[in-house]
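Taking it in order: structure first as structure tokens, then the write-up.
Read-outs: derived from the displayed coordinates by stated rules, not from any lab. Every value quoted in this text rests on a predicted model; they were computed, and no experiment measured them. With ideal geometry, Cβ positions are generated from the backbone for all residues, glycine too; neighbour counts draw on all protein chains shown.
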Amino acid sequence: MAGVSDPQGVSLSDLVARFGGELIGDGAVRVRQVGTLEGAGPDRIAFFSHPRYRSSLRLTRAGAVILARPFAGETARPRIVTDNPYAYYAKVAAYLNPPHKAVPGVHPSAVVDPTARVPASAVIGAHTRIGAGVVVGEGVQVLDGCSIGDQVSIGEDTLLYPGVVVYPGCVIGRRCILHAGAVIGADGFGMALENGRWLKIPQIGRVVIGDDVEIGANTTIDRGTIEDTVIEDGVKIDNLVQIGHNCRIGAHSAIAGCVGIAGSTKVGRHCRIGGAAMIQGHIEIADNTDISGGTTILKSIDAPGVYTSIFPFLPHREWLKNAAHIRHLDELAREVRELKARLDQLERSAR
Amino acid sequence: MAGVSDPQGVSLSDLVARFGGELIGDGAVRVRQVGTLEGAGPDRIAFFSHPRYRSSLRLTRAGAVILARPFAGETARPRIVTDNPYAYYAKVAAYLNPPHKAVPGVHPSAVVDPTARVPASAVIGAHTRIGAGVVVGEGVQVLDGCSIGDQVSIGEDTLLYPGVVVYPGCVIGRRCILHAGAVIGADGFGMALENGRWLKIPQIGRVVIGDDVEIGANTTIDRGTIEDTVIEDGVKIDNLVQIGHNCRIGAHSAIAGCVGIAGSTKVGRHCRIGGAAMIQGHIEIADNTDISGGTTILKSIDAPGVYTSIFPFLPHREWLKNAAHIRHLDELAREVRELKARLDQLERSAR
Amino acid sequence: MAGVSDPQGVSLSDLVARFGGELIGDGAVRVRQVGTLEGAGPDRIAFFSHPRYRSSLRLTRAGAVILARPFAGETARPRIVTDNPYAYYAKVAAYLNPPHKAVPGVHPSAVVDPTARVPASAVIGAHTRIGAGVVVGEGVQVLDGCSIGDQVSIGEDTLLYPGVVVYPGCVIGRRCILHAGAVIGADGFGMALENGRWLKIPQIGRVVIGDDVEIGANTTIDRGTIEDTVIEDGVKIDNLVQIGHNCRIGAHSAIAGCVGIAGSTKVGRHCRIGGAAMIQGHIEIADNTDISGGTTILKSIDAPGVYTSIFPFLPHREWLKNAAHIRHLDELAREVRELKARLDQLERSAR
């Protein structure tokens, strides 16, 4: 994955010319890779973004450090001062680690339907199948062992890692990354009950994925029942996430691993959903909402903010003792009300 | 996925002749596809099944509507009156959207063991492997990139989407649908501890799946340790579900996405398990039990009903304030008991 | 999967000679397979490890039983007495069910980079791709439909079931088992926010997996951001588990299905994490910690023990009644404090 483009690395002056920020120290210093404050040697550049790591900053042997103004005096290493050190680091890391591009071409073992359009700049990996009428954009990489259903369209410069399955008719935008084993467009879980038997509801909608979306390994996004399931631009989804049919995920929202979002739910823009959160179907989550990891959301959220629903963990014996009362909270609350009434009465008669 | 068999669609009279119900309005009206009340134009048929959507019913431009008797007067559109509009809709949708069937035959890139039995009516997709002694039923479709282990049997008209893996010896019934990336028959999580090391317990049982079962994308069902893991007829399982070794899932139960069922648990017939529920191992769930999404079940359930165990979500600050008391509920309950005793005492002496 | 090496089976005397324990009864009795106390016939050997199954022990028709000293008198069947019947059973089961080994060789449909090193003793299955510079150990089996990225190394006698994807640069130890659909080394979920857009942080670390590790079906383990994600020797991981970037899982820990472990968390050695548990990122779990299934861990655990955080399940109506109070626990606790103060006051004035 790694692979520095230039074995001489890049000078700090070059970085500042390219990405801005203020340089303090020797601009001729060259770095070849990013590193952590603790682990980086003189050929690496590290970043500092949280006061918690102050002692690591003081001790770092990194060739240079990216940090914010208030901390610029806490190291003597060459440093780049910027408002958003983590974003700056992201850009430097991306510059030093350009994504690997496979050699364009269709692997001889791939099976490409003659009606599919595959430009010469695309990569189609070994043992991959491209269905009828598929439209592949310039610079697309569909690595090995993928299955691209009929009439799918994949926007330019999108990368599909091995073993991705895209069901027929789905649309994937530009510059997306789909990790291994992701399944896009399987049938939603729709069925009607009749006499104790489930009748399958055909799922005739699509999945439509915008530009700059990243989808994690083994994540599943179901096609819509009638209309489409939509993942808007810039959404980032981690591994093992399930997104039900007819959902819409608003632009630039991020969804961490193991999250489940049931069908027909609309998640707003710029939301952040923590790992293993579970979101009920048929609800709406306001823009800019943060949902804590492990939280279950059963109703719509109208106001942005941070929402949480976690049972605090305890040593098992204490849990046993305390959790038992959960089943009787209503009774406990009633008892407190009764005590209050009796106390009111006593106080009145004592006056 | 979509694809109406007849470009002229079907007349309402034909639908009623085929599926029953009472027609109100012009039976010559033809519909070509299903739609939502909001989105459907005159060539589509929609359904109405919940009073919540009454205003959509009044405004719909659908060519026809499927609905129940009490609401038959709330639209002037041609309509079909039936007791179970959602089931009726399922049948119409299935009729208008017959499942796509691939052209029978074995793709030249498939690898089929000479001892496997593959009828001429079956589809074996590109880059699929069929192991020794496999028995494939009439009309079966194993799409591309699947791996079917030795001695597996697949009942007639069953459909495996791309990338399904079936381990050796498993049995899949008739008319099943297995979505992409499902893994059937991996080893259960069985091991014995000896001197701090785990010894693997060989998993020599199978997975046996009945007829008319649907299994979601990237769902995993483990083989039994000694006896079999069994999924009975008509069970519907959503994406990213884990079913442990030796489980038995009763007929016509439905299991939503992200559910985990630990080993040796028996789920009854006609149960409904909501998304992201977690069910302990070695327990039994009564027939007709509903488990709410996000619920953790730690003990057997003897009586049917709806069961829930969700911590209600709150704005994070309020959660912090309230959740802290969970760790001290036992103390709080004790304090209430003490207050009660003291109050009893005071009241006695006040008399 | 099953398949006894010797159709005559093995005598109890042979088992005791091989694995120790004390034989009571006829050592010439031969068993061909393991079985359950309830299901085993005279050609099978069963084990008894929990007093709960005492009645099954008395009724068993098994050819022999493995049990601990205190229960040796509760059956008249031939029996092997041992301190750890379950571990003994594991060894007998493994002896009677040696793992299936495919015939060594590279399947003609496999695509192996000429720079990869694949010994003659290895199996490379149909439709599998082996990347540049990959090093495959002696006796390794990479079954069909796998994708092994460039520069990966796989230790001797490791088995990859169909459809496993290993991203470039990862290291897998000896005698590991990776189940179908596992994805090793996808990018961690790392990104920086700038002006409402997510910038991807390149993930340049690897996944390094020790010896004797088992990884379940469709489980995902992300590569490190800068340094490596590490799974130490003897770790056992079930299906549909997500392990985030930069995690370290200590030796001989076991992680059940549907668990999520967020990035940069260190789990100690000999831990046991129950199904569907969720562990926060950037924390540390002490050696020998047990985490109950369904539990959410939000903070580091310094002391070994069993930890739990489950909301007890209730019939839905009772849940509604009781859960409502969770949102007002702080108020309830305040009311109790106030009642106490008022009662203190009353008691003082009553004296």
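Remark: label point of B:Lys299 defined 7 Å out from Cα along the Cα-Cβ vector; separations to the same position in other copies 2.9, 2.9 nm, ascending. Distance between the C-alpha centers of segment A:69-120 and segment C:193-233? Whole Å please. For segment A:69-120 versus segment C:193-233, the Cα centre distance is 17 Å. Summary of the geometry: segment C:265-280 and segment B:294-351, compared by the centres of their Cα atoms, lie 28 Å apart. Shape class for segment C:267-316: prolate, because the ratio a/c of the largest to smallest gyration tensor axis (alpha-carbon atoms, square roots of eigenvalues) is 1.5 or more and a/b beats b/c. Computed on segment C:233-351, with alpha-carbon pairs under 8 angstrom and 6+ residues apart, the relative contact order is 15 percent. For chain B, the pair-distance distribution built from all alpha carbon pairs, in bins 10 Å wide starting at 0, is 5, 19, 20, 22, 17, 9, 5, 2, 1, 0 percent.
Normalised Debye scattering of segment B:10-96 at q = 0.10, 0.12, 0.14, 0.24 Å⁻¹ gives log10 I(q)/I(0) of -0.18, -0.26, -0.36, -1.21, counting only Cα atoms as equal scatterers and leaving out solvent. The ranking of B:Cys258, C:Cys146, B:Cys247 from fewest to most other beta carbons within 10 Å of each one's beta carbon is B:Cys247, C:Cys146, B:Cys258. Placing a label point 7 Å from Cα along the Cα-to-Cβ axis, A:Glu138 is separated from the same position in the other copies by 5.3, 5.3 nm, shortest listed first.
Per-residue Cβ neighbour counts within 10 Å put A:Thr115, C:Thr82 in the sequence A:Thr115, C:Thr82, beginning with the fewest. Around the amide H of C:Ile283, modelled in the peptide plane, lie the amide H atoms of C:Thr265, C:Lys266, all under 5 Å away and 5 or more residues distant in sequence or on another chain.
Pairs of Cα atoms nearer than 8 Å and 6+ residues apart set the relative contact order; for segment B:105-307 it is 10 percent. For B:Leu199, the residues 5 or more places off, or on other chains, whose built amide H falls under 5 Å of its own are B:Ala192, B:Leu193, B:Glu194. Cross-link pairs exceeding 20 Å in C-alpha to C-alpha distance, out of C:Lys236/C:Lys266; A:Lys321/B:Lys299; A:Lys200/B:Lys91; A:Lys299/C:Lys299, comprise A:Lys299/C:Lys299.
Averaged over the residues of peptide C:333-346, the number of Cβ atoms from other protein chains lying within 10 Å of each residue's Cβ is 6. Computed from backbone phi with θ = phi - 60° and the Karplus coefficients 6.51, -1.76 and 1.60, the 3J(HN,Hα) list for segment B:315-323 is x, 3, 4, 5, 4, 3, 4, 7, 5 Hz; x is used for glycine and proline. Of all the options B:Lys299, B:Lys340, B:Lys91, the one that moves most in a Gaussian network model of chain B with Cα springs shorter than 10 angstrom is B:Lys340. If a spin label sat at a point 7 angstrom from the Cα of C:Glu194 along the line to its beta carbon, the backbone N atoms of segment A:140-181 nearer than 20 Å would be those of A:175-177. Calculated over segment A:105-307, the projected area of the Cα convex hull averaged across directions stands at 11.0 nm². Shape call for segment A:1-150 from the C-alpha gyration tensor, a ≥ b ≥ c root eigenvalues: rounded (a/c under 1.5), prolate (a/b greater than b/c) or oblate? Here segment A:1-150 falls in the prolate category.
Between B:Gly173, B:Gly139, B:Gly39, the GNM of chain B built on Cα springs shorter than 10 angstrom shows B:Gly39 fluctuating the most. Secondary structure note: in segment A:10-96, about 40% of the DSSP beta bridges are antiparallel. Along segment A:335-350 the Karplus relation, 6.51 cos²θ - 1.76 cosθ + 1.60 evaluated at θ = phi - 60°, assigns HN-Hα couplings of 4, 5, 4, 5, 4, 4, 4, 5, 5, 3, 4, 4, 5, 4, 6, 7 Hz to successive residues, with x for each Gly and Pro.
Normalised by the number of residues in chain C, the average gap of Cα pairs under 8 Å and 6 or more apart makes the relative contact order 6 percent. Built from the Cα atoms of the protein assembly as shown, the convex hull projects on average onto 49.6 nm², one quarter of its surface area. Report summary: the helix-based calculation at 222 nm, which adds -39500 (n - 2.57) for every DSSP H run with n ≥ 4 and divides by the residues of the protein assembly as shown, gives -5000 deg cm²/dmol.
Computed from phi, the 3J(HN,Hα) profile of segment B:150-156 under the Karplus parametrisation 6.51, -1.76, 1.60 (θ = phi - 60°) reads 4, 6, 6, 10, 10, x, 4 Hz, with x in place of Gly and Pro. Of the residues A:Val267, A:Val92, A:Val259, the one that moves most in a GNM of chain A with alpha-carbon contacts below 10 Å is A:Val92. Amide H to amide H distances under 5 Å link B:Arg272 with B:Ala254, B:Thr289, B:Asp290, B:Ile291, where only residues 5 or more positions off or on other chains count and H is placed in the peptide plane.
In nanometers and ordered shortest first, the copy-to-copy spacing of the C:Arg61 label point, defined 7 Å from Cα toward Cβ, is 7.2, 7.2. If R0 is 45 Å, the Cβ-Cβ spacing of B:Asp344 and B:His50 corresponds to a FRET efficiency of close to 0.30.
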